[in-house]
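Presented below is the structure to which this report refers.
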Amino acid sequence: MADGEPPADRYLTPAEIAAWPGADCAHKDRHAPLRENLKRHGVWDDRQLAGRSWPIGCVALEVTQRCNLDCTLCYLSEHAEVVRDIPIDEVFRRIDMIHRHYGRRTDVQVTGGDPTLRRRDELVAIVRRIRDRGMRPALFTNGIKASRDLLEELAAAGLVDVAFHVDMTQQRAGYASEVALNAVRRDYIDLARGLDVRILFNTTVFDGNFSEIPALTRFFTAHADAVHLASFQLQADTGRGVLRQRDAVISQQSVIAGISEGVGFPVDFDAPMVGHPRCNKYTALLEAGGRLYPLFDDNAFFADLFRRSAGHRFDRHDWKHSLAAAARVAIGNPTLCAKVIRFVARKAWQMRAGLARSGGRVNKISIFVHNFMDAERLERDRCESCVFMVASADGPISMCVHNAKRDAVVLRPLTMATATGKKYWDPLTGRTRETPPTQPAAEPAAQPLKRLKGRARKAALSDRAKDG
């Protein structure tokens, strides 16, 4: 079984998926729920950051279901184009809920669908609300409608990251390979360059671009002065996209091997653990003078550092805060302080040639490998140890669980508290009613072709071809 795949009896049943609850926020120690689940499932040690440095990895805030692409591995509902954007007050309620659960400095992904299809004034207000709560808003977009002036306005409202999703599954016209799509990526880098936001890229890995991972890695690292993170997301069968289960050759280890080939040396993705190791693999590289160096090349040192700095949160967007946190850790741990000095000195010596060429300037690029699960093969231990949550109406819920029952979630009427009592918002009409709507959602095939996506669109086109 690939990547340590568990036996079938460890998969969630459809009934369990349907009944999966939102996370409980009653615990006084925000780190405790995730930490205890990781311990219970045997994936807790001194290298683990989840439940130690932060209570959650990130929370996705879906502000629209609509999208202007039709990806072959799309996770959106086949009803996505007819579901109305949830009311802004409900979005604000979910932002406040995220804050209650996880506190300040939580990473909140403003996503969808594509969030740039939401009304511009509301999108800006959403980003501002997240930032006003002391959290870190990131825009996750395919970039098609992400104009420079929009990014400038969002940055002024508090945006800290913009993540562009670009890959061959999006079927962008005129691009025959992943390398050819680097022209789009360059345009997006230029679009966001100079703004006070970090630039991130997401890439879905499937058999159509698997062989190009080394070349794509070289592109990202060559732009380490602007690109802060590159995420490689392994194909999963969402139940909706026209592509299904990935080829057996695509695994965490084979993707890491491709990344290492692109970097030019073996890269260690096991020094920091970011949640469940079958879900996430993470590393970081340092670039100086056009040369790359591993950041994590001393597992014992970093395990000691993570263990001793538990409870101290390092803000990658605020170097003053991070330095202050590091100073507090060092003052209380003289032995660790000496180890840090030795590590920095060794790293500077290792990088001496690159530092000489760059005049001492160093760039850092993080690399993630995300191994998402098939909708019908959700592993219980991974779902319970999830560090990537979605802000649902019922509270934070594992992204993979949310995707597995997305139709039930996005088509369910929302209960809205008003001054005169409960009312119900209908996601298909956008209207608020005194009683819950009872009509079932129309089957995707009954919708106009322009509103169909994924397998429903493919089936409709096939039917029309037969009729024609």
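A few points about this structure:
- Filter result for Ala163 (assigned to a strand (DSSP E or B) and in contact with a Leu (Cβ under 9 Å, 6 or more places away or on another chain)): yes
- Only one entry in Val179, Val162, Val166 is open to solvent by 50 Å² or more (accessible area, probe 1.4 Å) and either closer than 16 Å to Val227 by Cα or touching a helix residue (DSSP H, G or I) at 6+ places or on another chain (Cβ under 8 Å) (or both), namely Val179.
- Residue within the stretch 351-364 that is touching a Leu at 6+ places or on another chain (Cβ under 7 Å) and under 30 Å from Leu34 (Cβ atoms) present: yes
- Count of the stretch 60-116 residues which are assigned to a helix (DSSP H, G or I) and over 23 Å from Gly134 (Cα atoms): 3
- Residue within the stretch 395-404 that is open to solvent by 10 Å² or more (accessible area, probe 1.4 Å), among the polar types (S, T, N, Q) and out of contact with any Ser or Thr (no Cβ under 9 Å at 6 or more places or on another chain) present: no
- Every condition in (1) among the small types (Gly, Ala, Ser); (2) out of contact with any Asp or Glu (no Cβ under 6 Å at 6 or more places or on another chain); (3) open to solvent by 10 Å² or more (accessible area, probe 1.4 Å) holds for Ala192 except the one numbered (3).
- Pairs with Cβ under 8 Å, 6+ apart, first in the stretch 451-464 and under 14 Å from Cys67 (Cα atoms), second open to solvent by 80 Å² or more (accessible area, probe 1.4 Å) and assigned to a helix (DSSP H, G or I): Leu452/Ala445
Here is a yes/no grid of residues against (1) free of Cβ contacts under 8 Å to residues at least 60 places away in the same chain; (2) in a loop (DSSP other than H, G, I, E, B); (3) under 30 Å from Arg131 (Cβ atoms):
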| site | (1), (2), (3) |
| --- | --- |
| Ala180 | yes, yes, no |
| Leu191 | yes, no, yes |
| Leu243 | no, yes, no |
| Val255 | no, no, no |
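- Residues that are open to solvent by less than 30 Å² (accessible area, probe 1.4 Å) and more than 14 Å from Arg119 (Cβ to Cβ), drawn from the stretch 79-93: His79, Ala80, Val82, Val83, Glu90
The values are calculated or read from the model by the stated rules, or taken from the named source; none is laboratory data. Quantities reported herein were computed from a predicted structural model and do not represent experimental measurements. In this analysis, Cβ positions are derived from the backbone assuming ideal geometry, glycine residues included, and neighbour counts consider all displayed protein chains. These accessible areas exclude ligands, DNA and RNA; they are computed on the full protein's heavy atoms, side chains included. Shrake-Rupley method; radii C 1.70, N 1.55, O 1.52, S 1.80 Å.
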